[in-house]
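The values are calculated or read from the model by the stated rules, or taken from the named source; none is laboratory data. None of the values given here were measured: they were computed from a predicted structure. Neighbour counts run over all protein chains shown; Cβ positions are idealised from the backbone, glycine included. What goes into the accessible areas is simple: the full protein's heavy atoms, side chains included, and nothing from ligands, DNA or RNA. Shrake-Rupley method; radii C 1.70, N 1.55, O 1.52, S 1.80 Å.
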Amino acid sequence: MIYKITHRLEYQYSAPIYLEPHCLHLKPRSDESQILKQFSLRVNPVPFHVTEINDAIGNPAHEIWFD
């Protein structure tokens, strides 16, 4: 069975804001019970830096920083 999942999250603010670093848990785990064939992440505004990490219990995550 193959799934295609699209997630879109949008925030709108009434005044300018400062974007703090974010930790995103959006990437599915790939293990013996499921294989991740493809993953892409698009963030707007484009982050200054993106790091792919594993959290304390092994789940994939992305840390993103903004200018």
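Tabulated values for the structure
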| read-out | value |
| --- | --- |
| Members of region 30-61 found to be among the β-branched types (Val, Ile, Thr), surrounded by 11 or more Cβ atoms within 10 Å (Cβ to Cβ) and either touching a Ser or Thr at 6+ places or on another chain (Cβ under 9 Å) or assigned to a loop (DSSP other than H, G, I, E, B) (or both), listed by number | VAL43 |
| LEU19 closer than 19 Å to ASP67 by Cα and open to solvent by less than 90 Å² (accessible area, probe 1.4 Å) | yes |
